[in-house]
1. Taking θ = phi - 60°, what integer Hz values does the Karplus form 6.51 cos²θ - 1.76 cosθ + 1.60 yield along region 24-40, in sequence order, with x for Gly and Pro?
2. Does region 107-156 come out rounded, prolate or oblate by the C-alpha gyration tensor, with a ≥ b ≥ c the root eigenvalues, rounded set by a/c under 1.5 and, if not, prolate when a/b is larger than b/c and oblate if not?
3. Sort largest first and round to whole Å: the equivalent ellipsoid semi-axes of region 23-134, each the square root of five times a Cα gyration tensor eigenvalue.
4. At what distance in nm do the modelled label points of Ser186 and Ile25 sit from each other, each positioned 7 Å from its Cα along Cα→Cβ?
5. Compute the distribution of all C-alpha to C-alpha distances in region 83-141, in bins of 10 Å from 0, and list the percent of pairs in each, rounded to whole numbers.
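Computed from the coordinates by the stated procedures, all read-outs in this text should not be read as laboratory data. Quick caveat, the model's predicted, so the values are computed rather than measured. When we count neighbours, we look across all protein chains shown, and the Cβ atoms used for this are built from the backbone with ideal geometry, even at glycine.
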Amino acid sequence: MGSRLDYFLLGLVWIAWAPFVGTFIARISRGRTIREFLIGVLAVPTIFGGLWFSVFGGAGIYLDFFTNIPVIDIINEKETEVALFYVLEQFPLGTVMSVIAIGLIATFFITSADSATFVLGMQTTNGNLNPSNSVKLIWGFIQSLTAIILLWTGGLDALQTAAIIAALPFSLVLVLVLTVFSLIKSFKEETGIKEKNKTI
């Protein structure tokens with residue numbers, strides 16, 4: 001079990017993505033209803049995430065408790081990432097499943113980096129909803145170079161530390177977001193627009 005500090009730091013790492021993910025989701029959700037937004041952004045990812053953790057987490061627990069395959073020892077000695085592939089190796093077509101897992105991980109990182117470059121391009125071009133490819137390319141290069149330098153000099157710990165430092169200011173912003181002032185304001189504006197259209 002991790003300490004409270006570990007969970008707090010993990011939360012800060014997630015918060016580091018909040019400005020990118022929030023802005024990107026808002027951009028691609030323009031014109032959607034609240035129901036569509038909740039299903040597409042909250043329900044579907046939660047269901048797939050729950051299935052993923054249930055299947056692979058359950059498989060890891062089963063292997064460790066009932067087949068004496070030391071999954072927990074692998075996690076403690078070589079980190080969780082290695083344990084994923086160790087668990088996949090225990091099943092038929094383990095190599096194929098490992099290749100698929102690598103593809104899924106690569107897709108996650110590529111789409112995350114793409115959304116980050118898109119949002120950074122928007123933020124640095126005065127809110128332009130369609131920043132030029134050259135701006136996105138520059139931000140992609142800066143992000144890649146930063147990640148390479150951090151990994152080269154301090155490994156994954158340095159990268160996580162940088163994410164935590166960057167996330168700390170945004171944690172204060174998220175506390176203010178919880179008051180949903182902007183959401184209530186947007187609802188009122190949309191209600192006013194609808195009422196105005198009805199009277200025309």
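1. With the stated coefficients, region 24-40 comes to 5, 5, 4, 5, 7, 9, 4, x, 7, 7, 5, 4, 4, 4, 5, 5, x Hz.
2. Values: a/c = 2.88, a/b = 1.99, b/c = 1.45.
Prolate.
3. Working: eigenvalues 281, 64, 26 Å².
One finds semi-axes of 38, 18, 11 Å for region 23-134.
4. 1.1
5. Histogram of Cα-Cα distances, whole percents per bin: 23, 31, 18, 18, 11, 0.
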